[in-house]
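Have a look at the structure below before the remarks.
The values are calculated or read from the model by the stated rules, or taken from the named source; none is laboratory data. Please read all numbers here as calculations on a predicted model, not as lab measurements. Here the Cβ positions follow ideal geometry from the backbone for every residue, glycine too, while neighbour counts run over all protein chains shown. With ligands, DNA and RNA removed, areas are computed over all heavy atoms of the protein, side chains included. Shrake-Rupley method; radii C 1.70, N 1.55, O 1.52, S 1.80 Å.
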Amino acid sequence: MIAAIASRRFFKQVCLCAAASSVLAACSSNTPVPVSDTKPVLPQLLQSPAATQPSWATQLKTGAFSCEMGNKVEIRMDGRVTDGVTLVWKGSSYMMNPVSTSTGAVRLENKGEGLVWIQIPSKSMLLNSKIGQQLANDCRTR
């Protein structure tokens, strides 16, 4: 009985190996494909509007934000993405530059003023990194 089971296993392994080798042989081709027949995919990707913008720009929410305690923040993207983002806070405008994050959150900074704007899908907040203080929290577009 054990010998019969062992011979069945061996037979299955031999069949699988034979099938695999015949499939691989069928996939191989000795006919070279001319380079002129290949079509590059990259130019098609570059024509896509999303491919021309950095990932933070496609995730950035712009407009008027209402925050806790009656605070208001406005985010504008004037002109090209490379020009940065304008943040309006208490009547003053600040140029904000994107900073990469490991979490996927949108982070904009103005190092001179110490302002940091962080956007996550559920809310946004404005921080002052120089004094370590939250300026506006729970900001949402309404």
Inter-label distance, nm, simple model (7 Å from Cα along the C-beta direction), residue 134/residue 111
2.7 nm
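Show 62, 103 ordered by accessible area, largest first, where the area counts protein heavy atoms only and the probe is 1.4 Å.
On the way: 62 70, 103 115 Å².
Descending accessible area places them as 103, 62.
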Once phi for every residue in the range 62-74 is put through the Karplus expression 6.51 cos²θ - 1.76 cosθ + 1.60 (θ = phi - 60°), the whole-Hz ³J(HN,Hα) values, with Gly and Pro written as x, are 10, x, 8, 10, 9, 10, 4, 6, x, 6, 10, 9, 10
Work out how much length residue 59 to residue 99 would gain on full extension: take 0.36 nm times their residue separation and subtract the Cα-Cα distance, in nm to one decimal.
13.1 nm
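When Lys and Arg each count +1 and Asp and Glu each count -1, what net charge do the other residues less than 11 Å away from residue 62, Cβ to Cβ, add up to? Mind showing how you got there, number by number?
Values: positive: 61, 76; negative: 74, 78.
Once all neighbours under 11 Å are counted, the net charge is 0.
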